[in-house]
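Values quoted throughout were computed directly from the atomic coordinates according to the rules given, and no laboratory measurement underlies them. Note that the coordinates shown come from a computational prediction; the quantities given were computed from them, not determined experimentally. When we count neighbours, we look across all protein chains shown, and the Cβ atoms used for this are built from the backbone with ideal geometry, even at glycine.
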């Protein structure tokens with residue numbers, strides 16, 4: 001069964017550093033998403049992406065964040081200058097129709 | 001106001017019994033979608049069931065069914081014949097407008113043998 005993959009599974013970085021989280025959505029899906037989940041809290045929508053551009057973004061998704069689909073398969077989330085409060089699990093998801101599939105997540109730890 | 005409200009932080013159910021997890025939502029859109037996800041302790045998010053705002057029938061997927069009451073803006077998840085493997089966090093979510101999703105705070109379900 002096709003699945004969304006994410007790399008790395010765990011990333012540790014120093015405050016102020018840039019990180020890039022990578023996702024490979026399911027190949028025939030058209031909509032892509034990034035979410036974050038701070039430990040023990042709810043899942044928060046960050047951004048949705050369709051037709052090579054952002055279609056919606058939340059208040060969390062400020063200028064520190066950017067997304068890209070650099071080629072036909074990868075979908076990346078960049079955090080320019082990480083803060084301690086960016087420590088969270090970051091999930092990528094994709095869908096076509098109404099079933100949304102999540103990747104396994106990248107746990108980002110900012111020290 | 002919260003877009004998605006899950007009022008039960010924790011629930012217990014006896015194995016083989018049915019359980020209902022509550023979810024209410026707030027939107028002024030006519031077209032929206034409601035989702036339930038399961039998050040086991042391993043952390044992955046597993047899609048369970050979807051209900052569109054225009055769907056007249058309640059969605060069902062195996063042991064999962066969604067009790068959709070549009071006028072009350074509720075979308076409760078019913079799990080029948082609970083199994084030990086159902087122990088997990090359950091999140092209700094709504095897709096509104098273009099493609100923005102809102103999640104509730106989740107309900108932790110524990111199935112007791």
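Please list the three semi-axes, largest first and in whole Å, of the ellipsoid equivalent to the stretch A:47-111, using sqrt of 5 times the eigenvalues of its alpha carbon gyration tensor.
21, 14, 12
What value in Å³ per residue do you get for the convex hull of the alpha-carbon atoms in the stretch A:1-92?
Expressed per residue, the convex hull around the Cα atoms of the stretch A:1-92 is 104 Å³.
In terms of the Cα gyration tensor, with a ≥ b ≥ c the square roots of its eigenvalues, is the stretch B:72-113 rounded because a/c is under 1.5, prolate because a/b exceeds b/c, or oblate?
Verdict is prolate for the stretch B:72-113.
Which residue fluctuates most in the GNM of chain A (Cα springs below 10 Å): A:12, A:24, A:67?
Checking each option, the largest mean-square fluctuation is seen for A:12.
Ignore the peptide's own chain and count Cβ atoms of other chains within 10 Å of each Cβ in A:50-59; give me the average, rounded. Present the calculation step by step, with values, prior to reporting the outcome.
On the way: counts 2, 0, 0, 0, 1, 4, 7, 2, 3, 0.
The mean count of partner-chain Cβ atoms within 10 Å per residue comes to 2.
How big, on average over all directions, is the shadow cast by the Cα convex hull of the protein assembly as shown, in nm²?
Projected over every direction and averaged, the Cα hull of the protein assembly as shown covers 12.5 nm².
Could you work out the Rg to Rh ratio of chain B, with Rh taken as the Kirkwood radius (inverse of the mean 1/r over all Cα pairs)? Please list the in-between numbers first.
Values: Rg = 13.5 Å, Rh = 14.1 Å.
Using only Cα positions, Rg/Rh for chain B is 0.96.
Give me B:46, B:4 ranked fewest to most by other Cβ atoms within 10 Å of their Cβ, as a rough exposure proxy. List each step's numbers first, then the result.
Values: B:46 14, B:4 24.
In increasing order of surrounding Cβ atoms, one gets B:46, B:4.
Roughly how crowded by other chains is peptide B:95-105, in terms of the mean Cβ count from those chains within 10 Å of each of its Cβ atoms?
What the average comes to for B:95-105 is 6.
What is chain B's relative contact order, in percent, from Cα pairs under 8 angstrom and six or more apart in sequence?
Across chain B, relative contact order equals 38 percent.
Within a 10 angstrom radius of the beta carbon, how do B:15, A:53 rank from fewest other beta carbons to most?
A:53, B:15
Can you compute the FRET efficiency between residue A:28 and residue A:109 using 1/(1 + (r/R0)^6), with r the Cβ-Cβ distance and R0 = 30 Å? Round to the nearest 0.05.
Taking R0 as 30 Å, the efficiency between residue A:28 and residue A:109 is 0.35.
In whole Å, what are the Cα extents of the stretch B:1-65 along the three principal axes, biggest one first?
The Cα atoms of the stretch B:1-65 stretch 38, 28, 22 Å along the principal axes, largest first.
Return B:95, B:72, B:63 ranked ascending by Cβ neighbour count within 10 Å, so the fewest neighbours appear first.
In increasing order of surrounding Cβ atoms, one gets B:72, B:63, B:95.
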